[in-house]
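Undergrad: One structure, pasted below without further comment.
The values are calculated or read from the model by the stated rules, or taken from the named source; none is laboratory data. Keep in mind it's a predicted model, so treat the numbers as computed, not measured. For neighbour counting, all protein chains shown are included, and Cβ atoms are generated from backbone atoms with ideal geometry for every residue, glycine included. SASA here: full protein model, heavy atoms, side chains in, ligands and nucleic acids out. Shrake-Rupley method; radii C 1.70, N 1.55, O 1.52, S 1.80 Å.
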Amino acid sequence: MIPRRPLARALLALYGAVVAVHLCVQWFDADAWSRPTQALLMPVLAAVLLAEAARPGERLTALTAVALGLSWLGDTAPATASGDTAFLLMVGCFLVAQVVYAVAFLPLRADSALHRRRALLVPYAAAVGGLVLACAPGAGGLLLPVLAYGLCLGVAAVLATGVHPLAGAGGALFLVSDGLIALGAFAPGFDLPRDGFWVMLTYAGAQVLLVLGVLARLRARERTAGTAPETVGRA
């Protein structure tokens, strides 16, 4: 879905450029540029959302913007700490972000895999369950936070299927991105070459798909509202 408003299109192009730069930074291990470029991602994407949405204060738009803000904290807050504290800061921020996404998408659950195409629930449950089982041996005292985050991530991903196919793809990609982080941190023997690149590629893709899915839902709602009076008049 391409934004209609010129400012939103320009901001989406800027997001793509920042993502490209950050992925190059990850690929070539240019650590000095990693945090500054990562810190730009969510503010630019939130600006895309707010620039394109007809009513930025509407519930779905506002909660999605809040989730992006919490994701930005998850990207930046760990730089203020180290070790387990930094990891818990990241998990905590993204945990709350996933809860906010789930709350934002909950009113649309009738269109989600919870009520339609229920067979899709099987791979989501298998992904979350398999991830927890793989990470449990190495998680130690962090197992409960990891389990809580995995459950919230799975719920948000399932509810995202009720927003729009783009958002559904974004929720699934979020599972992949955070699954790579968890496996790298806790799964014995898991060693993905250039893991930072793949984590950020799937993360940046997940977030933009969620935003574009929300915007597509809002656009469809606007079209429905715009045609409703004409339909009533014909009746």
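Undergrad: Would you pick out the residues in the stretch 136-159 that are open to solvent by less than 50 Å² (accessible area, probe 1.4 Å) and either closer than 17 Å to residue 90 by Cα or touching a Pro at 6+ places or on another chain (Cβ under 7 Å) (or both)? Don't jump to the end; show me each part of the working.
TA: Start the filter on the stretch 136-159 by keeping residues that are open to solvent by less than 50 Å² (accessible area, probe 1.4 Å), which leaves 136, 138-139, 142, 145-146, 148-150, 152-154, 156-159.
The answer is 138, 139, 142, 145, 146, 148, 149, 150, 152, 153.
Undergrad: Quick one: which residue in 191, 178 is surrounded by 15 or more Cβ atoms within 10 Å (Cβ to Cβ) and acidic (Asp, Glu)?
TA: Sole residue among the options that is surrounded by 15 or more Cβ atoms within 10 Å (Cβ to Cβ) and acidic (Asp, Glu): 178.
Undergrad: Of these, 108, 144, which one is within 19 Å of the chain's Cα centre (by Cα) and either more than 18 Å from residue 70 (Cα to Cα) or of a type in the set (A, V, I, L, M, F, W, C) (or both)?
TA: Only one candidate passes the filter, namely 108.
Undergrad: How do the pairs read when you match residues in the stretch 61-88 that are open to solvent by 20 Å² or more (accessible area, probe 1.4 Å) with residues anywhere that are basic (Lys, Arg), using Cβ under 7 Å and keeping only pairs 6 or more apart or on different chains?
TA: Within 7 Å, the pairs are 79/35.
Undergrad: Next question. In contact with a Ser or Thr (Cβ under 8 Å, 6 or more places away or on another chain) and at negative phi, is that true of residue 87?
TA: Numbers: in contact with a Ser or Thr (Cβ under 8 Å, 6 or more places away or on another chain): no; at negative phi: yes.
For residue 87, the condition - in contact with a Ser or Thr (Cβ under 8 Å, 6 or more places away or on another chain) and at negative phi - is not met.
Undergrad: Oh, and also: Being at pLDDT 95 or above and aliphatic (A, V, I, L, M) is the filter here, so list the residues in the stretch 54-76 that pass it.
TA: Those that are at pLDDT 95 or above and aliphatic (A, V, I, L, M): 60, 62, 63, 65, 66, 67, 68, 70, 73.
Undergrad: Something else about it: Filter the helices (runs of 4 or more DSSP H) completely within the stretch 118-209 down to those with at least 3 residues that are under 22 Å from residue 27 (Cα atoms). I'd like the intermediate steps shown before the answer.
TA: Numbers: elements: 121-139, 143-160, 165-186.
Qualifying helices (runs of 4 or more DSSP H): 165-186.
Undergrad: Can you find a residue in the stretch 105-117 that is open to solvent by 70 Å² or more (accessible area, probe 1.4 Å), at negative phi and modelled with pLDDT under 90?
TA: Within the stretch 105-117, one or more residues are open to solvent by 70 Å² or more (accessible area, probe 1.4 Å), at negative phi and modelled with pLDDT under 90.
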